[in-house]
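Asker: Once you've had a glance at the structure underneath, I'll fire off some questions.
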Amino acid sequence: MADATRLDALIVGAGFAGLYMLHKLRGMGFAARAVEAGSGVGGTWYWNRYPGARCDVESMFYCYQFDDGLSRDWEWTERYPAQPEILRYANHVADRFDLWPDISLNTRIVSAVHDEDAARWRVATDTGEAWLARYCIMATGCLSAANRPDFDGLDEFAGRVFHTGRWPHETVDFAGRRVGVVGTGSSAVQAIPEIAKEAAHVTVFQRTASYVVPANNRPLDPAEQADIKARYPELRAAARKTFGGFAVGIARQSALAVSEDECRETLARAWDEGGIGFLNAYRDFGFDEAANRRAQDFVRRKIRETVQDPETAAKLLPRHVIGCKRLSLGDDYYAAFNRPNVALVPLADDGIGRILPDGLTAGGTRFRFDDLVLATGFDAMTGALARIDIRGRGGIALAEAWEAGPRMYLGLMSNGFPNLFAITGPGSPSVLSNMMPTIEHHVEWIAECLGYLRGNGISGIEPSLDAQDAWVEHGNEVASKTLRYSCSSWYLGANVPGKPRVFMPYIGGMPSYMETCAAVAADGYRGFDLTPG
Ligand code: NA7
């Protein structure tokens, strides 16, 4: 470590969070560097290259707002951006702001250890490089650590194994192949119809049936795009006032205040419009079980109408609260099961039995295929941090401090880990919101904070235990009032065996969250201990 390179700020990750953080800090005169495990920038959109990968937030709002020139010049082609287009956008941003000289690619951070005497983070990489940084900023993403189940026999599978979140860069040819897909979450919902177009046969192994509403994707009309751009200031300001920072707000009316027919008509309009706004059609889908059942019934009816074989349709009917797990968007998921080359296998409680060289067993039945696609999601929100050996004051490991679940103040910092920030960390709205403006909000808060520390001769910042405990308690309390607690979702860590069940994102809504963050800063970083020097 003797020849560690000194920096003001080391940023872990060069996805949208890392790119903007780097740009922002460089602009303030800080010596900053982003270190990225991938061979390119883009984070989520670098790794998730599976067929059909597309964002479920509309293009015109899934983009940075910090630079008017960028907003003006970049043209999106579709209502929802496909992965290659988002990746091009990330690369355009890196080019436009000349970020490349300060990004290390193909470099994975393996450890970050706080050196109390030096008041610096000693950061080591898998390439043998070392950095000594005053600030360490985790821009590691919420859905970046792939969840690869430890299936018995997986290593013995003779064919190709793909994880949707670690898709190869070269084109994968499924022509003439029999493909097994495990998982029916958002990634599978997008990938299955595309793979089925090409493969000889697809067998889908479903543990939990998903609610899928149409995206209603379409090309973006240039006039429509120009109109939205012209109205960006007002539209973005309006979005900031919505719960999730999306372009669509939540209706004020209860689903139970109208007749069943009227509710169905409203939902039919939302269905035809497409998008995650479907669940915003009434205000209480997220809070009231009876209201929620109306939306559930609506989608179940749509599944029965779409899927021709009644037995298959019945197997596809979800049973849980809608919106409890992340709602999936897809225009052709249910219809894919009408294809003669797609079969659905609901898994019993004992799940996948064993992977065999040419397939797998489940429920005592043997299924044969050539390629295995694991659409099994992510160790969300904490996984990417847990995979780095992070040690704070007194050598305490983050994994140990978070043994019973993540603990952060405002989802930004954790007690015992001075000068270590997370962008969209657990305890912030993150995955419940539109990630782009949410990322920008955190980046700007952190940048302002570092500017404040520098301007006031402060060398260290760390949340007090009291403030952190109160925030975590508040987060739990808010979450307990919603229906999100009622199913096994990745929001709760329930998809990863052994992970503590804690509702990780903050569900109090973006407006109040942003207000709190601003008030904390305006109050001289209330709840944080500041170290002069
Ligand atoms: P998700 O939404 O976590 O979906 C993963 C799917 O894989 C889901 O159907 C899981 O069933 C299934 N799964 C996970 N582990 C297993 C095992 N061990 N056996 C069988 N099936 C399993 O991940 P995605 O990548 O689709 O989407 C992640 C987010 O990206 C999404 O929410 C959007 O925000 C974008 P389960 O439901 O846990 O029973």
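The values are calculated or read from the model by the stated rules, or taken from the named source; none is laboratory data. Owing to the predicted nature of the structure, the values given are computational and were not obtained by experimental measurement. In this analysis, Cβ positions are derived from the backbone assuming ideal geometry, glycine residues included, and neighbour counts consider all displayed protein chains. Side chains are part of the model used for accessible areas, which takes the heavy atoms of the whole protein and leaves out ligands, DNA and RNA. Shrake-Rupley method; radii C 1.70, N 1.55, O 1.52, S 1.80 Å.
Asker: If we count every other residue with Cβ under 9 angstrom of Leu132's Cβ, Lys/Arg +1 and Asp/Glu -1, where does the sum land?
Answerer: Working: positive: Arg6, Arg120, Arg122, Arg134; negative: Asp115.
Net charge around Leu132: +3.
Asker: On a straight-distance basis, which lysines could pair with Lys499 in a cross-link, Cα separation under 29 angstrom, same-chain partners fewer than 8 positions away excluded?
Answerer: Lys315, Lys325, Lys481
Asker: Further question: In the chain, which helices (entire DSSP H runs) extend 27 Å or more along their own long axis, judged by Cα positions, while averaging at least 0.0 on the Kyte-Doolittle scale?
Answerer: Values: long enough: 435-455 (29 Å, 0.10).
Span-like helices in the chain: 435-455.
Asker: Hey, how many Å between the Cα centroid of region 313-363 and the Cα centroid of region 450-521?
Answerer: Here the answer is 33 Å between Cα centres.
Asker: Using +1 at the C-beta of Lys and Arg and -1 at the C-beta of Asp and Glu, which of Ile352, Gly330, Pro318 has the Cα lying farthest in the positive direction of the dipole of region 316-387?
Answerer: It is Pro318.
Asker: Moving on to the next point. Given an 8 Å cut-off on Cα distances and at least 6 residues of separation, report the relative contact order of the chain as a percent.
Answerer: Values: 1102 pairs, mean separation 101.8, N = 533.
Computed value for the chain: 19 percent relative contact order.
Asker: Under 1.5 on a/c is rounded, so check that first for region 72-154, then, if it is not, pick prolate when a/b is larger than b/c and oblate when it is not; a ≥ b ≥ c are the square roots of the alpha carbon gyration tensor eigenvalues. Write out the running numbers ahead of the final one.
Answerer: Details: a/c = 2.67, a/b = 1.30, b/c = 2.05.
Oblate shape, in that a/c is at least 1.5 and b/c is the bigger or equal ratio.
Asker: Hey, what does the equivalent ellipsoid look like for the chain, semi-axes from the Cα gyration tensor as sqrt of 5 times each eigenvalue, largest first, whole Å? Write down the numbers at each step before the final one.
Answerer: Details: eigenvalues 283, 151, 106 Å².
Calculated on Cα positions only, the semi-axes equal 38, 27, 23 Å.
Asker: Name the cysteines of the chain that stand alone by the Cβ rule: no other cysteine Cβ under 4.7 angstrom.
Answerer: Cys55, Cys63, Cys136, Cys142, Cys263, Cys449, Cys517
Asker: Write down the accessible area per residue of the chain in Å², having rolled a 1.4 Å probe over the full set of protein chains.
Answerer: Working: 21590 Å² over 533 residues.
Dividing the accessible area of the chain by its residue count gives 40 Å².
Asker: Here is a further query. After finding the eigenvalues of the alpha carbon gyration tensor for region 402-533, what semi-axes result from the square roots of 5 times each, listed largest first in whole Å?
Answerer: Working: eigenvalues 142, 49, 31 Å².
Taking √(5λ) for each eigenvalue gives 27, 16, 12 Å, largest first.
Asker: Net charge near Gly275, counting Lys/Arg +1 and Asp/Glu -1 over other residues with Cβ under 10 Å of its Cβ? Don't skip to the answer; put the middle values down first.
Answerer: Values: positive: Arg79; negative: Asp56, Glu58, Glu273.
Charge balance in the 10 Å sphere: -2.
Asker: Ignoring ligands, DNA and RNA, what percent of the accessible area of the chain is carbon or sulfur (1.4 Å)?
Answerer: Numbers: 10460 of 21590 Å².
Within the chain, the accessible surface is 48 percent carbon and sulfur.
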